[in-house]
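Novice: Dropping the structure in here first, questions after.
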Amino acid sequence: MFEVFLKEVKELLRDRKTLFFVIALPIVIFPILFALLGFLASKTTFEAEQKVHIYYLANASLSPDFEQMLFYHKSFRPYKGNEKFETIEALKSAVKAGKIDVGIEIPATYDSQVAGKHQQISWHVVFNDAQSINFVYKRLEKLINKFSAQIRSTRLEALGAPQKEHPAILKPITITKVDTADKRENYGEKLGALIPYMLIPLVLMGASYPAIDLGAGEKERGTLETLLLTPVTRTQLVLGKFLTILASSISCALVTVSSMAIWVAIAGGIGVLDTIIDAFSSVTFTDFLLIFALLLPVAVMLSSLVLAISIYARTFKEAQNYMGPLSMLVFVPIVVSVMPNMSLNTTTAWIPITNVSLAIKEIIKGTVDHSAVGLIFVASALLAGALLMFCIRWFSKESVLFR
Amino acid sequence: MIVVNGLKKRFKLAKELLNTTSSSDSRQREGFFHSVENVSFSCGRGEVLGLLGPNGAGKTTTLRMLSTALKPDAGSIEISGQNIVKNPLKGRKAIGFLSGTTGLYGRLTARENVEYFAKLHGLKGRALKSRCDELFTRLSMGDFLDKRAEHLSTGMKQKTNIARAVVHRPDVVVLDEPTTGLDIMTKQNIIEFIRDLKADNTPVVFSTHHLDEVALLCDSVCLIDRGTSRFCGSIEAFKEVGQSGELNDAFMNIVNQGSLHV
């Protein structure tokens, strides 16, 4: 078994494709990819923030105060053309034609409405909302709210309420939030769910590539039959191959996590990602060990499964076709773990992958129930053992080996 | 010596073939394909036995049973008095197997390929090194020993495969169409290899479609047709039963007669 394992590892380390997926991709490509995404996102946000919107205020003469507010706002610039857009339809056409970014229609009856004191006034803001990052409406809403507050204040004073009493009238009860959850628990709830999304598929990815090579690849190259004719038992052969796949699977997850940790630390050093570092600072080494311990049976399960699939497949391509649906199958239980009201209990502790996913989240939050972790470990180890046994039986079947 | 007696092997038919009643092949029945129905032969020390038969006759299944890759449904295979059907692990130690389609581990060197199989056969330390060195010299592999198998020529690969197949000094060597698709030079390597084995008194069971190779190398032949051994005996007897001095004609005559000459 040891000879099989050593030979498989040697071959694996000489395979550029596997090395790329298991080592290079996590170390270099993922951080580059994340950095690139972060750069593009911040660039787009920055550009959106810096953008000055061209506006047209219909019936501007009815509210010179608001016209002034808008004119002196650093993010707005009036339309300089000669055309007039005094109706909602005209404003819509102007936005569509790209002549203005936003149009505001003050109703023709504004004067009487504002004087009426008891009437609610309706303004229309015309803009294109089909952009992922768009600050125009928020900025305008803020400005209109500020203007609206001025009118409200005037009306309240007219009703006899002094300025200092306005807050008590407008908001008789204020709420002060006293959160018993500490920073770790809060961030853990949000970030903790992401960790299994990253780790479990990585465990699968690390197992899939060598598994295809070690099972279907051997069949296709014509080396499997020679291997079967050596005085090594089928159990030893499966275990040798299985250990190689397991090692690759765990390495892939460890390399990625270490790489991410290093990159987060580097980013932290230059003052970026302070919140994330702050949130994870209370996660102890024991917590990391616990996460690793929980990932082990998952890696055993997935390694056995991909090896069984690969042994069944006749060719490399056939094995790859089977692996696709398996990745979908792995995502489903992870998605289940982030569904509302899903928590770790004696029932969910028995659902494969969902249980580990929930436990990882709880560990990051610092609220994990250690007895539930024990139960998960037992449940996952039982399933992993059963799958490994199945894999050995599968490898002994003539109908599978000589399809 | 290897003695094969009454081998049988059947395979479950695929679902789409189960309800096919029009099949003219009498070996398809009761939901099974009876690939080997009754095959018997023997091959003594220093003897080269040619296993002949048309395509689909059951030669490869028979050889897979000899090599312990497949378990026979009935019958026995004895090597030096040991029934390897009951003890396949012992059989694997006693048999060296080589076929025309056998591959090598491309990312390992020729040396590593041979040494890996030597280790799997339990060789280690000095014994492993001396056996490997002996084979490397005998097969003139010095020039490409440390080249990866994926970069070797067909001839180099075949030499490596030969070394791999006999590194554990097998009692019997089984060759499944070892010259198929090879050029003249590589074929010559195989022919020399079989002659060397014969000189070493190793029994060789050799499946082939090339009757010129049979004439060149074999002492006896076993003709398998439709899963059954139709003839087993010396080359001379084969020609006599086949009523022709030419192996090709004798082969056709025996297959067409359909009777047993075992």
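Novice: Diagonalise the Cα gyration tensor of region B:130-262 and give the resulting equivalent ellipsoid semi-axes, square root of 5 times each eigenvalue, largest first, whole Å. Don't jump to the answer; show the numbers that get you there.
Specialist: On the way: eigenvalues 226, 45, 29 Å².
After scaling each eigenvalue by five and taking roots: 34, 15, 12 Å.
Novice: Could you calculate, for chain A, the ratio of the Cα radius of gyration to the Kirkwood radius, expressed as Rg to Rh? Each step should come with its number before you reach the end.
Specialist: Details: Rg = 31.4 Å, Rh = 26.5 Å.
Rounded to two decimals, Rg/Rh equals 1.18.
Novice: If the cut-off is a Cα-Cα distance under 28 Å, which lysines reach A:Lys80, setting aside same-chain residues fewer than 8 apart in sequence?
Specialist: Leaving aside lysines fewer than 8 places away in the same chain, those within reach of A:Lys80 are A:Lys51, A:Lys92, A:Lys96, A:Lys99, A:Lys138, A:Lys142, A:Lys146.
Novice: I've got another one for you. Mind listing which chymotrypsin sites (Phe, Trp or Tyr not before Pro) in region A:50-113 are in a DSSP loop and have 11 or fewer other Cβ atoms within 10 Å?
Specialist: On the way: sites: A:Tyr55, A:Tyr56, A:Phe66, A:Phe71, A:Tyr72, A:Phe76, A:Tyr79, A:Phe85, A:Tyr110; in loops: A:Tyr72, A:Tyr79, A:Phe85.
Listed in order of number, the matching sites are A:Tyr72.
Novice: Report the relative contact order of chain A, percent, no decimals, based on alpha-carbon pairs under 8 angstrom and at least 6 residues apart. Could the numbers behind the result be given before it?
Specialist: Working: 434 pairs, mean separation 79.5, N = 403.
Here the relative contact order equals 20 percent.
Novice: Is there a quick way to get the dipole size of chain A? I mean about its Cα centre, with the Cβ of Lys and Arg at +1 and of Asp and Glu at -1; what is the value in debye to the nearest 20?
Specialist: Working: 38 positive and 33 negative charges, 88 e Å.
Magnitude of the dipole: close to 420 debye.
Novice: Next question. Tell me which residues come under 5 Å, amide H to amide H, from A:His53 once H is placed; ignore anything under 5 positions away on its chain.
Specialist: A:Phe76, A:Arg77
Novice: Right, something else. Can you say what percent of the DSSP beta bridges in region A:13-137, counting only those with both residues inside, are antiparallel? Round to 5. Can you show the working numbers first?
Specialist: Details: 4 of 11 bridges.
Within region A:13-137, antiparallel bridges account for around 35 percent of the total.
Novice: Taking the Cα centre of region A:52-170 as origin and charging only Cβ (+1 Lys, Arg; -1 Asp, Glu), how large is the dipole, in debye to the nearest 20?
Specialist: The dipole magnitude comes to about 340 debye.
Novice: Still on this model: Hey, what did region A:1-90 get for relative contact order, percent, Cα under 8 Å, at least 6 apart? Provide the component values of the computation, followed by the final result.
Specialist: Values: 33 pairs, mean separation 19.5, N = 90.
Relative contact order of region A:1-90: 22 percent.
Novice: Follow-up question, since we're still on this one. Can you return the lysines within cross-link range of B:Lys8? Criterion is Cα-Cα under 30 Å, with same-chain partners fewer than 8 residues away left out.
Specialist: Straight-distance partners of B:Lys8: A:Lys219, A:Lys397, B:Lys59, B:Lys71, B:Lys86, B:Lys90, B:Lys93, B:Lys198, B:Lys239.
Novice: OK, next. What fraction, in whole percent, of alpha-carbon pairs in region B:2-257 exceed 31 Å separation?
Specialist: Values: 9355 of 32640 pairs.
Here the long-distance tail beyond 31 Å is 29 percent of all Cα pairs in region B:2-257.
Novice: Let me ask something else. Tell me, how many Å apart are the Cα centres for region A:312-334 and for region A:74-144?
Specialist: Centre-to-centre (Cα) distance: 54 Å.
Novice: Using the Karplus curve 6.51 cos²θ - 1.76 cosθ + 1.60 with θ = phi - 60°, work out ³J(HN,Hα) for each residue of region B:151-164 in order, rounded to whole Hz, and write x for Gly and Pro.
Specialist: Residue by residue, region B:151-164 yields 9, 8, 6, 4, x, 5, 4, 5, 5, 4, 5, 5, 4, 4 Hz.
Novice: Related question: When the Karplus curve 6.51 cos²θ - 1.76 cosθ + 1.60 is applied with θ = phi - 60°, which whole-Hz ³J(HN,Hα) does each residue of region B:171-176 get, with x for Gly and Pro?
Specialist: Going residue by residue, I get 6, 9, 10, 10, 10, 9 Hz, with x marking Gly and Pro.
Novice: Can you tell me the 0 to 90 degree angle between the C-alpha axis of helix B:247-257 and the longest principal axis of chain B, rounded to 10?
Specialist: 40 degrees
Novice: Find which of A:Val102, A:Gln150, A:Val136 sits farthest along the positive direction of the dipole of region A:52-170, computed with +1 on the beta-carbon of Lys and Arg, -1 on that of Asp and Glu, about the Cα centre.
Specialist: Among A:Val102, A:Gln150, A:Val136, the one farthest towards the positive end of the dipole of region A:52-170 is A:Val136.
Novice: Per 5 Å bin, what percent of the C-alpha pairs of region A:1-122 does each bin hold, from zero upward?
Specialist: Whole-percent P(r) values from 0 Å outward: 2, 9, 11, 11, 10, 8, 6, 5, 5, 5, 5, 5, 4, 4, 4, 3, 2, 1, 0.
Novice: Hey, for a label at A:Ser327 modelled as a point 7 Å past Cα toward Cβ, could you say which residues of region A:236-251 have their backbone N under 16 Å away?
Specialist: A:249
Novice: Exactly which GluC sites (Glu not before Pro) in region A:1-98 are in a DSSP loop and have at most 11 other Cβ atoms within 10 Å? Intermediate results must be reported in sequence, preceding the final value.
Specialist: On the way: sites: A:Glu3, A:Glu8, A:Glu11, A:Glu47, A:Glu49, A:Glu67, A:Glu83, A:Glu86, A:Glu89; in loops: A:Glu83, A:Glu86.
In loop regions of region A:1-98 (DSSP not H, G, I, E or B), there are no sparsely surrounded GluC sites (Glu not before Pro).
Novice: If you don't mind, another one. Work out, in µm²/s and without decimals, the Stokes-Einstein translational diffusion coefficient of region A:78-142 at 20 °C, 1.002 mPa s, Rh from Kirkwood over C-alpha pairs. Please report the intermediate quantities before stating the final value.
Specialist: On the way: Rh = 13.3 Å.
Once the numbers are plugged in, D ends up at 161 µm²/s.
Novice: If you take every DSSP beta bridge whose two residues both sit in chain A, what share of them, in percent to the nearest 5, is antiparallel?
Specialist: Details: 4 of 11 bridges.
Given both bridge residues lie in chain A, the antiparallel proportion sits at roughly 35 percent.
Novice: On to the next question. Taking Cα pairs under 8 Å and at least six residues apart, what relative contact order does chain B come out at, in percent? Spell out each step's value before the answer.
Specialist: On the way: 482 pairs, mean separation 67.1, N = 262.
The value is 26 percent.
Novice: Still on this model: Two decimals is fine: what is log10 I(q)/I(0) at q = 0.07, 0.12 Å⁻¹ for region A:183-401, from a Debye sum with one equal scatterer on every Cα and no solvent?
Specialist: -0.25, -0.67
Novice: Once you have the alpha carbon radius of gyration of region A:147-240, what is it after dividing by 2.2 N^0.38 Å, with N set to its residue count? Can you show the working numbers first?
Specialist: Working: Rg = 34.7 Å, N = 94, 2.2 N^0.38 = 12.4 Å.
The reported ratio for this selection is 2.80.
Novice: Continuing with the same structure: Helix A:354-365 sits at what angle to the longest principal axis of chain A, using alpha carbons and giving 0 to 90 degrees rounded to 10?
Specialist: Once rounded, one gets 60 degrees.
Novice: Something else: Assigning unit charges at the beta carbon (Lys, Arg +1; Asp, Glu -1) and nothing else, what dipole magnitude in debye, to the nearest 20, does chain B show about its Cα centre?
Specialist: On the way: 35 positive and 29 negative charges, 273 e Å.
Using only the charged Cβ atoms, the result is roughly 1320 debye.
No value in this document is a laboratory result; all are computed from the given coordinates. Predicted, not measured: the structure shown is a model, and the values here were computed from it. FYI the Cβ positions are ideal-geometry reconstructions off the backbone, even for glycines, and counts take in every protein chain you see.
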